[in-house]
Each structure stands twice: as structure tokens, then as C-alpha cells.
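Shown next, in C-alpha cells, is the structure this report addresses.
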Amino acid sequence: MGNTIFSKIINREIPADIVYETDSVLAFRDIKPQAPTHILIIPKIEIPSVRELSGKEHSQLLGDMIDAANAVAKKEKIDQDGFRLVLNCGANAGQEVYHLHIHLLGGRKMNWPPG
Ligand code: AMP
């Protein structure tokens, strides 16, 4: 089972630089990093995007993803200087992979607005 490249990473069908894993989430380095630290945090179940999320139904999973982001930020030593979490949803946001993911970006000063 699995529709996207991220499902293949979960199933170890294609390689990835995995930095963190729990029963519910997986985190691995983005193949095209946009910052010195650029890690994707994904749920192990298939949810295409934020559009399919419900705060109530998925509160545990969302909590797990945020906990993972904090744990990875600490591990990567970007927690003190600060970091950015990004969720792209749909075409206008430039979402390319339709398996929910949080981008964890850090290691440099970020610009705002993001463009
Ligand atoms: P988004 O535009 O929010 O859908 O982001 C998808 C991200 O996945 C992009 O930053 C890609 O560089 C990244 N990506 C695509 N394929 C892979 C892969 N095989 N391993 C790691 N990152 C990937």
C-alpha cells in the first residue's frame, strides 16, 4: 500500500536519511534542502494534506508531529536559535507531495514574508 514517494520511504522501499522515528511518525532529511537543517516530519498513516485533517480526530497525531519537530530541533541543535515549521497545502502553496508533512527549517535566519 502507498501512493506517494513518502509511503515508499516509510516502507523502506526507497532510501532516505531518517533522523527520527516513533510508532506514529517518521522524520528524514529533505532531498533538496532549503536551509542548513531541512527535515520533513510525516505521519506513518496516509493523509494527503492539511485539508483532510480534523483537529479533533487527529489531535493525537498532530501532537506527535509537533513533539517530533521539537525533538528533532533539539537533536539538530537549532532549538535555541529558532526554527520554522511549514505545512504547504494545495497548489497555491506549492505542495508537491500529497502525503502530509511538516517542513522543519533552521540553521539560518529566515525571511518574512515567505514569498
Ligand atoms: P511540498 O512542496 O511541501 O509538498 O514538499 C515536498 C518536499 O519533499 C520537497 O521539499 C522535496 O524536496 C521533498 N522530497 C521529495 N522527494 C523526496 C525524497 N525522496 N526524499 C526526501 N525529500 C523529498
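The values are calculated or read from the model by the stated rules, or taken from the named source; none is laboratory data. Note that the structure is predicted; figures quoted are calculated from it, not measured. Positions of Cβ are backbone-derived with ideal geometry, glycine not excepted, and every protein chain shown enters the neighbour counts. Accessible surface is based on the protein model in full, side chains and every heavy atom, while ligands, DNA and RNA are left aside. Shrake-Rupley method; radii C 1.70, N 1.55, O 1.52, S 1.80 Å.
Given H placed on each backbone N at 1.01 Å, which residues far from M110 in sequence or on other chains put an amide H within less than 5 Å of it?
Close amide H contacts, sequence-distant or interchain: none at all.
Magnitude of the Cβ-charge dipole of segment 5-106, K/R +1 and D/E -1, about the Cα centre, nearest 20 debye?
160 debye
How long is the gain from K77 to Q34 if the chain were fully straight, where each residue apart is worth 0.36 nm and the alpha carbon distance is subtracted?
Working: separation 43, 0.36 × 43 = 15.48 nm, distance 1.72 nm.
Answer, rounded to one decimal: 13.8 nm.
For the chain, which whole-number percentage of the solvent-accessible area (1.4 Å probe, protein heavy atoms only) is attributable to carbon and sulfur atoms?
Heavy-atom surface of the chain belonging to carbon and sulfur, 1.4 Å probe: 52 percent.
Among G63, Q80, S24, which residue has its Cα positioned farthest towards the positive end of the charge dipole of segment 5-106, with +1 placed on the Cβ of Lys and Arg, -1 on the Cβ of Asp and Glu, and the dipole taken about the Cα centre?
So the residue we want is Q80.
What are the ³J(HN,Hα) couplings of segment 39-45, residue after residue, when phi is run through the Karplus curve with 6.51, -1.76, 1.60 and θ = phi - 60°? Round to Hz, x for glycine and proline.
Using θ = phi - 60°, the values come out as 10, 9, 10, 10, x, 7, 8 Hz.
Please return the longest range in the chain lying between exposed loop sites, taking trypsin sites (Lys or Arg not before Pro), DSSP loop only, at most 11 other beta-carbon atoms within 10 Å, and leaving the sites out.
Formally, the longest exposed-site-free interval is 13-55.
What list of ³J(HN,Hα) couplings, whole Hz, do you get for segment 80-89 from phi and the Karplus terms 6.51, -1.76, 1.60, once you set θ to phi - 60° and write x for glycine and proline?
Those phi angles translate into 7, 6, x, 7, 10, 10, 10, 10, 7, 10 Hz.
In terms of the ratio Rg/(2.2 N^0.38 Å) built on C-alpha atoms, what value belongs to the chain?
Numbers: Rg = 13.6 Å, N = 115, 2.2 N^0.38 = 13.4 Å.
Rounded to two decimals, the normalised Rg is 1.02.
Using modelled amide H (1.01 Å from N, peptide plane; none on Pro or chain starts), what sits under 5 Å from the amide H of F83, excluding residues fewer than 5 places away?
Close amide H contacts, sequence-distant or interchain: none at all.
Pairs of Cα atoms under 8 Å, at least six residues apart: use those to get the relative contact order of the chain, whole percent.
Relative contact order of the chain: 31 percent.
How large is ³J(HN,Hα) for each residue in segment 107-113, as worked out from phi by the Karplus curve 6.51 cos²θ - 1.76 cosθ + 1.60 (θ = phi - 60°), to whole Hz, x for Gly and Pro?
For segment 107-113, the Karplus curve yields x, 8, 6, 8, 8, 9, x Hz.
Starting from the amide H of Y20, placed 1.01 Å from N in the peptide plane, find each other amide H under 5 Å away whose residue is 5 or more places distant or on another chain.
Result for Y20 returns A27.
If exposed means no more than 12 neighbouring beta carbons inside 10 Å and the site is in a DSSP loop, what's the longest run of the chain without any exposed GluC sites (Glu not before Pro)? List each step's numbers first, then the result.
Numbers: sites that count: E13, E57, E96.
Counting at most 12 other Cβ atoms within 10 Å as exposed, the longest clean stretch of the chain is 14-56.
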